[in-house]
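The values are calculated or read from the model by the stated rules, or taken from the named source; none is laboratory data. The model shown is predicted, which means the values in this text are computed figures rather than measured ones. For neighbour counting, all protein chains shown are included, and Cβ atoms are generated from backbone atoms with ideal geometry for every residue, glycine included. Remember, those area values only see protein heavy atoms, side chains included, never the ligands or the DNA or RNA. Shrake-Rupley method; radii C 1.70, N 1.55, O 1.52, S 1.80 Å.
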Amino acid sequence: MAGRREIVRVLLEAHGRTYAREAGIRMRDTPQPLYRLLVLSLLLSARIRASVAVAAARALADAGLRDARAMREATWQQRVDALGEGGYRRYDERTATQLGDGAQLLIDEYGGDLRRLRARADGDGAALRSLLREVPGIGPTGAEIFLREAQGVWGEVAPLLDAKALQGAAAIGLPQEPKVLAGLVDRDQLPVLAAALVRVALDKGAAGEVGRAVGRG
């Protein structure tokens, strides 16, 4: 039977990319990538395929809506059109409104800079989640997605392997204990591991692929 590190190696080789990376976001602790990740997290939290949410996030960025000010200054129809371009049509009108309202809140409260939201939380993970959920369209799921992907630059929340990631771990025979899982990779690989486990949780075929590759299937 394959060891844990071998399972993780195969997992990362097959599915080791964050959703931020897939959406063209180069994660840094700077305003634009953090804002784009927040938008992506809002889109991913809806009951829609992850691939569609990622495509919509890319379409918004391609339309120039890469920061809170640009999002606020865009018309509602421009936001709807960009979402539609990415295939995000089921929730496009409500989401366009949420994106505009959320951008306004971020500008009013934090000057459009999510690092100021982080500073207000002062290292308290619960406070950080609560402040994120004040943004229109960001509920508990959206907040967890954001922090899961941001943990590489916002280290106070690491290791963050949420319920969906742990579901993926169980599917491929890995322990369901965040600290144990985190010990199987370097710290800077935590967002990649978390995303890979989520991908396995969402796609039974991916779990089988990993299992076969390590001789479990």
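The packing ranking of peptides 17-27, 45-55, highest mean first, is 17-27, 45-55, where packing means the average number of other beta carbon atoms within 10 angstrom of each residue.
Computed from the C-beta positions of Q104 and D62 and an R0 of 30 Å, the FRET efficiency is 0.85 to the nearest 0.05. The length gained on full extension between Q77 and Q176, counted as 0.36 nm times the residue separation minus their Cα-Cα distance, comes to 31.2 nm.
The modelled label-to-label distance between E134 and R94, using points 7 Å beyond Cα along the C-beta direction, is 2.4 nm. Basic side chains Lys and Arg get +1 at the Cβ, acidic Asp and Glu get -1 at the Cβ, and with that the dipole of region 1-149 about its Cα centre reaches some 480 debye. Only helices enter the 222 nm calculation for the chain: every DSSP H run of n ≥ 4 contributes -39,500 (n - 2.57), and dividing by all residues gives -19500 deg cm²/dmol, rounded to 500.
Rounded, prolate or oblate, given the Cα gyration tensor of region 76-181, with a/c below 1.5 counting as rounded? Oblate. Working note: Karplus 6.51/-1.76/1.60 with θ = phi - 60° gives region 187-197 the couplings 4, 6, 9, 4, x, 5, 4, 4, 5, 4, 5 Hz, where Gly and Pro are set to x. Summed over the residues of region 1-76 and divided among them, the accessible surface reaches 49 Å² per residue at a probe radius of 1.4 Å.
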